[in-house]
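One structure is given below, encoded as structure tokens.
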């Protein structure tokens, strides 16, 4: 298939349930690790990463999906803009 296509993508079940991805990884050029935000503890990701390195898998990248951007950036914008956008405009005619 390499002769006919630039990229070939195989989808495998989650590593935590079925280790098919590790078997497939021996036959492919690289692997992309996809993680649902907030669903896996950092320690478990470290364990999987060590196993990937131990098996000498070419880890091409990581995709973090289902990220709640409002939650992530809420504190950033609050600290950057402060209360600038929250000030109520005074009506000079209301005296």
Answer residue from segment 45-61, given it is touching a residue at least 24 places away in the same chain (Cβ under 8 Å) and loosely packed, with under 12 Cβ neighbours inside 10 Å and is nearest to residue 22 (Cα to Cα) among those: 55
Qualifying residue in segment 2-15 (condition: within 17 Å of residue 54 (Cβ to Cβ), assigned to a loop (DSSP other than H, G, I, E, B) and without any contact (Cβ under 8 Å) to a residue 40 or more places away in the chain): yes
Selected residue (criterion: modelled with the lowest pLDDT) from residues of segment 34-57 that are closer than 27 Å to residue 71 by Cα and part of a loop (DSSP other than H, G, I, E, B): 40
Some residue of segment 58-65 being on the phi > 0 side of the Ramachandran plot, in a loop (DSSP other than H, G, I, E, B) and modelled with pLDDT of 85 or more: no
Residues of segment 15-33 that turn out to be at pLDDT 85 or above, surrounded by 13 or more Cβ atoms within 10 Å (Cβ to Cβ) and within 30 Å of residue 69 (Cβ to Cβ), as a count: 2
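The values are calculated or read from the model by the stated rules, or taken from the named source; none is laboratory data. On a predicted model such as this, the values are computed, not experimentally measured, just so you know. For neighbour counting, all protein chains shown are included, and Cβ atoms are generated from backbone atoms with ideal geometry for every residue, glycine included.
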